[in-house]
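Below you'll find the structure, written out as structure tokens, and then a few comments.
Only the coordinates and a few stated rules stand behind these numbers; no lab work does. A quick note: this is a predicted structure, and the numbers were derived from the prediction, not measured. Glycine gets a Cβ as well: all are built from the backbone with ideal geometry, and neighbour counts include every protein chain shown.
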Amino acid sequence: MKKIIAIQMFGHKSESFASFKESVKALINDGFVVEAITTEDQASVLGDVKGINVHTLNNSDQPNKLFALYMFIKVQIQLFITVLKMIGPADVVYINSIYSIAPAIVAKLKRAKLVCHLHNTKQNPAVADKALKYLINKIADQVIFPSVSLKDKFALSVAKQTVVYNTPSEEFISEINQLQITSRAKKFTVLMITSSDDSPAIAKFTDLATVLPQINFEVVLNDWTVATAGLLDKNRQPANLRILPENDNIHRFYQRADLLVNLSANEFNTSGDIDVLQAMYYGIPVIVPAKGGLQELISNGKHGIAVDSSQLAGIAKTINELSTNALIHKTLSAACVNQAKLFTSNQFRAQFTRLFNGHKARPYDNLIQLFGTAYLNKDISVFRSKAA
């Protein structure tokens, strides 16, 4: 059986780790031997994946930039040595970030296949990021993107590039089917799932809560720590806004939410794609950025609104309209469920594992090419007003 050396060392679970877990599960189910290298914290999340061999390295987040650079170099050296010891020319190295550059170099030296799964990029990449992108472009055999927008942003010249959209896990979907989805809370609730370092999005969400006091707002932080809690500005927090830590039961947040919003200003960060699809599986309409990968998942006006996050007045107007017009909300909710069901774990597994079995995979220009007529939607908004 072919061996896959899969590396996920950089980025917390709010970014690419959920996709990494689904990826290695797909490979194991398809008969591959998977040797995973990750951090101790992330290794615990892989505990329920049967048949995986996990190797852990320390890579804790460091607030001090100099010490963070030291840790980055140290981890690269450790990765280089670890992968060098276990790799063979017939193996495949699978990295989940451009920052895992050392294993990529080992793959090149050993003439092993290198597959890169790139999930996001900075709007204004630093010199180091540009250098890493240059190296990946030179040595990667296959590159996978979670959206067409991100693929276009990277603009690589690698011969084999494709788009594989992330999907909620099979366990998440099964749990929804087992749960009896009760009626929403009496007070309309808007949910945002983000990380503490996206302070601009949290500030915008706070502004929305301030101008819409009749509506509940909940921020779920997927990287909550004691330090994180201390950074929150309690003086600015209106009474109708709650900031909560994510836990193992994400379902409870979706069960009481009526709307999910993503106010990220970075259109090339697709880390919210699974959150958007999870919400839509629950029949929750969404508000996503007008540009980037998240807007590829919806038909504007049919499953929610795609709008620039700076247009707060328009977003507030849309939230208010959804909270007061039950018919519009019900129409969007039903459409969201139908749309979300196109994105299944079986579809993800089939697309993903083909790339490791020697099959060619074409890049998709849009979801119609992927799903065919099942995705054809009339872009007719059900709203009386527009968000922008």
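Some points to look at:
- Peptides 240-246, 139-145 ranked from most to least packed give 139-145, 240-246, packing being the mean of other C-beta atoms within 10 angstrom over each peptide's residues.
- Length available on full extension from Leu109 to Tyr70: 0.36 nm per residue minus the Cα-Cα distance, which gives 11.6 nm.
- Between the range 44-123 and the range 329-361, the alpha-carbon center distance in angstrom: 27 Å
- Contour excess over end-to-end distance, with Cα ends at Asn29 and Phe80 and 0.36 nm allotted per residue: 15.6 nm
- Site pair Lys2 and Arg256 shows an inter-label distance of 4.7 nm when each label is modelled 7 Å from Cα along Cα→Cβ.
- Positive minus negative residues near Asn53 (Lys, Arg vs Asp, Glu; Cβ under 11 Å): 0
- Sorted on the mean count of surrounding Cβ atoms within 10 Å across their residues, most packed first, peptides 206-218, 287-299 read 287-299, 206-218.
- Set Lys2/Lys133; Lys50/Lys291; Lys130/Lys291; Lys21/Lys151 screened for pairs whose C-alpha atoms are more than 31 Å apart: Lys50/Lys291
- The distance between label points at Ile139 and Lys187 comes to 5.4 nm (points 7 Å beyond Cα on the Cα→Cβ vector).
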